[in-house]
């Protein structure tokens, strides 16, 4: 995925919506702020998330940060590659570093997210 | 702990600050100093020192010189380790305790001949200097804090010796671990010791600020022998892999040497400030002790996290915690009830309301590569 195709939350998560599902990860800005990522706590498949709810923790050498659901839905898959090699999130946050896939509960929520130009502007 | 740098005018900078900025260093505040936490990746830097050679700017450390007729007796009284039998040209790790046996700082003491150089942690330099001044009544000594004029570079890794040989046009092959040398380089005074805080072979180079800049530039631009600039983040991981103490994290002023598991740095046969309190602690039982751990369940145990016994009793807390890229696991130190360290049972560290299993392990976790003289 490329950043231009994604939607963004104010808490620096991104979502790639495809039909009924969304792939979720953290932004390049977030991974830079965190530094070397060493551990990621993921939710279990089947867990239901509400928009804004904490769904896991991402730990860097410096600190532990909460992950917040940009959209509501049910977790259908977590990225095992990232669990084994957390540094993938630093290296490729928008593609190989994806975290979870969810089945969307409410597609109307997508409109509340920012697009890439809006997100980039918000960082200034 | 390191924090983002504010615009406070109280932040101090080392003589090499602009080099770190130019290299893209992520500058943080540490003990009132602006220093690089990392240049690229903390983990890559920590791996590189054990596979290549790294260089650290640690000019924030303090250098307190003690001169005068009574300098040996003075330091013998103010530190826990033996200074009387520290020969010229050697250095030793020692603790400065208060009357209650609590550690004021852990220092390195260098015997430079007509003077001793005591190297203190940045956060404690002023306190140790004041402590020395206060305690100097009755001793014929001269105490000088020369921290501001002395810069300190630490070169650690496999090419440290050839790099120093080339840099200083000197042979260091007969210089062993914890030995020191002083010489002049183009008129500048240099003190060098084969030492470091990483467990790798390495040299610590003390000189004036201008010369330090010249040396840093030469070391980091050397094409054949590469030394990679490394920051505080990597330094913390490397020292933790060896089990070296970090004041302010592992220990503080209310920790005694026995609690800190630093018995080896205490010579109970001599008189020193704090000995009475330590004798008392030796006779009664030491309640709490510092120990190293390696996580069994995968999780990041951080400073302050609670530690439980297998039976679910709260027995202490985590002091240091880090991910070790050289061991590919999470490691750290705990401060727990002493008797819990003798039963061979695992500990349980609470991370965000869940308990993660950890095993007590003896340091060092990595085989040291320091160059010791072969004992005949």
Item checked: Answer residue from the range A:29-43, given it is surrounded by 20 or more Cβ atoms within 10 Å (Cβ to Cβ) and within 8 Å of chain B (Cβ to nearest Cβ) and is farthest from residue A:116 (Cα to Cα) among those -> A:38
Next item on the list: Might you check whether a residue that is out of contact with any strand residue (DSSP E or B) (no Cβ under 7 Å at 6 or more places or on another chain) and part of a helix (DSSP H, G or I) occurs anywhere in the range B:243-262?
Entry: no
Check: Assuming residue A:114 fulfils every condition listed in (1) within 11 Å of the chain's Cα centre (by Cα); (2) away from chain B (no Cβ under 14 Å); (3) surrounded by 15 or more Cβ atoms within 10 Å (Cβ to Cβ) apart from one, which condition is it?
Finding: (1)
Next item on the list: Return the total of residues in the range B:163-176 being surrounded by 14 or more Cβ atoms within 10 Å (Cβ to Cβ) and either in contact with a strand residue (DSSP E or B) (Cβ under 9 Å, 6 or more places away or on another chain) or in a helix (DSSP H, G or I) (or both).
Entry: 9
Next item on the list: Filter the range A:17-58 for residues that are assigned to a strand (DSSP E or B), touching a strand residue (DSSP E or B) at 6+ places or on another chain (Cβ under 9 Å) and free of Cβ contacts under 8 Å to residues at least 24 places away in the same chain and give the result.
Entry: A:41, A:54, A:57
Check: Of all residues in the range A:44-55 being surrounded by fewer than 19 Cβ atoms within 10 Å (Cβ to Cβ) and under 13 Å from the mean Cα position of the chain (by Cα), which is nearest to the other protein chains (Cβ to nearest Cβ)?
Finding: A:54
Checklist line | Residues within the range B:282-296 that are modelled with pLDDT of 95 or more and out of contact with any helix residue (DSSP H, G or I) (no Cβ under 9 Å at 6 or more places or on another chain), tallied | finding: 5
Note to self: Just checking, does the range A:9-16 include any residue being crowded, with 18+ Cβ neighbours inside 10 Å, within 30 Å of residue B:28 (Cβ to Cβ) and within 14 Å of chain B (Cβ to nearest Cβ)?
What the structure shows: no
Check: Of all helices (runs of 4 or more DSSP H) completely enclosed by the range B:1-116, which ones contain at least 3 residues that are within 14 Å of chain A (Cβ to nearest Cβ)?
Finding: B:42-51
Margin query: Whether any residue in the range B:283-297 is surrounded by fewer than 21 Cβ atoms within 10 Å (Cβ to Cβ), assigned to a loop (DSSP other than H, G, I, E, B), within 14 Å of chain A (Cβ to nearest Cβ) and in contact (Cβ under 8 Å) with a residue 40 or more places away in the chain is what I want to check.
Written below: yes
Checklist line | The listed residue being under 20 Å from residue A:57 (Cβ atoms) and more than 14 Å from every other protein chain (Cβ to nearest Cβ), out of B:319, B:306, B:302, B:337 | finding: B:306
Next item on the list: Filter the range B:180-226 for residues that are in a strand (DSSP E or B) and free of Cβ contacts under 8 Å to residues at least 40 places away in the same chain and give the result.
Entry: B:183, B:184, B:185, B:188, B:189, B:190, B:192
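The values are calculated or read from the model by the stated rules, or taken from the named source; none is laboratory data. Computed from a predicted model, the values in this text were never measured in an experiment. Note that we place each Cβ from the backbone using ideal geometry, even for glycine, and neighbour counts take in every protein chain shown.
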